[in-house]
Amino acid sequence: MKNVLLVFTGGTIGSEASCGTIATSANAPYRLLQLFERQYPEHSQIDFTTIRPVQILSENITPGFWETLIKAIEAEQPERYDGIIVTHGTDTLAYTAAALSLYFHALNKPMLLVSSDRPLDHPEANGLKNFIAAVEFIRQRRETGVFVPYQNRGECTQINLGSRLASSLQLSGDFISVQNKCYCHFENGVFSEPLITLKNKAAAAFDLKPDFAKRIALIRPYPGLNYTLFNLDGIDAVLHDLYHSGTACASMQRGADWSLLPFIERCRKQGIPVYLAPSIHSDSAYESTRELLEQGAEMLWNLSLECAYVKLLLAYGNFSEGGITSFIERNIAGEHVACAKSNSI
């Protein structure tokens with residue numbers, strides 16, 4: 001018998017479609033369990049303890065959602081269970097996966113986030129398959145950490161490391177891990193061998209509170225981004241997204257308003273750190289990247305954008321200056337993607 005804490009939070013997997021509108025439903029979580037019992041022959045071997053701390057579509061969540069979710073899980077004493085499953089919407093799945101991965105980095109149990117690309121009663125929904133993969137992971141595997149099982153269309157189920165899950169592909173319901181390297185595959189009831197190697201967790205874990213900073217600004221680059229439009233009042237730090245080659249506009253050719261360089265200088269004068277992500281650390285970098293770093297921006301190397309953002313929220317919510325740097329630099333949940341020479345993390 002496996003004892004599993006099942007945490008319902010809403011999302012598409014917790015929704016129903018009616019009259020052309022998809023909305024969360026009080027009945028949908030129990031629909032998931034009904035379908036599971038019908039299609040999982042050994043369902044009597046799983047004892048679920050269910051809680052529902054929130055019921056929300058994931059596009060509506062804020063960092064306060066993570067605080068509520070974490071406190072609800074901790075109140076249930078997760079060490080008492082063989083594993084934890086959290087149902088969640090797809091829109092912000094990668095951010096919550098990062099938040100739980102980082103916060104629960106010392107938890108000696110598997111935690112899995114389960115989503116669905118469509119409401120469960122839709123014949124093509126993948127939610128039940130993702131849920132069964134999560135249950136089987138708790139039954140068959142011994143790994144600890146946060147994972148996200150997800151079946152893309154026409155593929156077997158991938159088990160993604162929570163700290164490396166990227167947001168859904170545009171105009172698609174598919175998910176991949178950064179660099180398209182998932183943790184393992186699940187097909188016909190069997191898990192593949194791990195495709196990446198997880199190093200043993202460090203003996204000293206960070207003592208975290210579920211406090212996520214509320215004054216971190218995330219800026220996404222695009223051609224013509226005018227930095228004079230940003231008001232920096234009340235901002236503690238800025239995370240600036242980068243193009244895939246680890247770059248953003250550093251040219252003054254078309255004017256200072258469209259260059260990140262003067263914006264970094266403006267932030268520096270106001271005592272606001274500017275962080276950059278994502279980018280893989282290597283011996284070579286584009287000229288524009290080096291100019292941004294020379295101007296004073298700090299690169300969060302080898303992190304996904306989603307994980308970099310959440311890590312900053314936790315860092316600024318829990319630590320002062322020295323502790324912020326230590327927390328950011330430590331690889332605590334497998335979040336640092338290895339360079340090309342190695343698959344170890």
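The values are calculated or read from the model by the stated rules, or taken from the named source; none is laboratory data. These numbers come from a predicted model, not from an experiment. Glycine also receives a Cβ, built like all others from the backbone with ideal geometry; neighbour counts cover every protein chain displayed.
Points worth noting:
- Residue count, the stretch 216-241 (criterion: in a loop (DSSP other than H, G, I, E, B) and farther than 23 Å from residue 62 by Cα): 5
- The residues of the stretch 141-169 that are surrounded by fewer than 17 Cβ atoms within 10 Å (Cβ to Cβ) and in contact with a His (Cβ under 7 Å, 6 or more places away or on another chain) amount to a single one, 156.
- Of all the numbered requirements in (1) over 20 Å from residue 317 (Cβ atoms); (2) within 22 Å of the chain's Cα centre (by Cα); (3) exposed (fewer than 13 other Cβ atoms within 10 Å of the Cβ); (4) hydroxyl-bearing (Ser, Thr, Tyr), residue 9 misses one, and that requirement is (3).
- Filter result (assigned to a helix (DSSP H, G or I) and among the acidic types (Asp, Glu)) within the stretch 287-306: 287, 291, 294, 306
- Exclusive hit being in contact with a strand residue (DSSP E or B) (Cβ under 6 Å, 6 or more places away or on another chain), of a type in the set (A, V, I, L, M) and over 24 Å from residue 186 (Cβ atoms), set 85, 61, 56: 56
- Boolean, residue 334 is buried (at least 21 other Cβ atoms within 10 Å of the Cβ), touching a strand residue (DSSP E or B) at 6+ places or on another chain (Cβ under 9 Å) and in a loop (DSSP other than H, G, I, E, B): yes
- Selection from the stretch 43-88 of residues that are part of a loop (DSSP other than H, G, I, E, B) and either among the hydroxyl-bearing types (Ser, Thr, Tyr) or in contact with an Asp or Glu (Cβ under 7 Å, 6 or more places away or on another chain) (or both): 62, 81
- Residue in the stretch 145-157 that is within 13 Å of the chain's Cα centre (by Cα) and in a loop (DSSP other than H, G, I, E, B) present: no
Listed here are the residues, each with its yes/no results for (1) under 21 Å from residue 159 (Cβ atoms); (2) touching a residue at least 12 places away in the same chain (Cβ under 8 Å).
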position: 66; (1), (2): no, yes
position: 77; (1), (2): no, no
position: 85; (1), (2): yes, yes
position: 122; (1), (2): no, yes
position: 142; (1), (2): yes, no
position: 146; (1), (2): yes, yes
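- Condition met for residue 222 (under 23 Å from residue 166 (Cα atoms) and in the same structural domain as residue 310 (by TED's automatic domain parsing)): yes
- Within the stretch 170-197, the set of residues being at pLDDT below 95, surrounded by fewer than 16 Cβ atoms within 10 Å (Cβ to Cβ) and farther than 22 Å from residue 334 by Cα comprises 170, 171, 172.
- Test result for residue 257, in the same structural domain as residue 282 (by TED's automatic domain parsing), surrounded by 12 or more Cβ atoms within 10 Å (Cβ to Cβ) and of a type in the set (D, E, K, R): yes
- Those residues of the stretch 93-119 which are assigned to a loop (DSSP other than H, G, I, E, B) and crowded, with 24+ Cβ neighbours inside 10 Å, in sequence order: 115, 116
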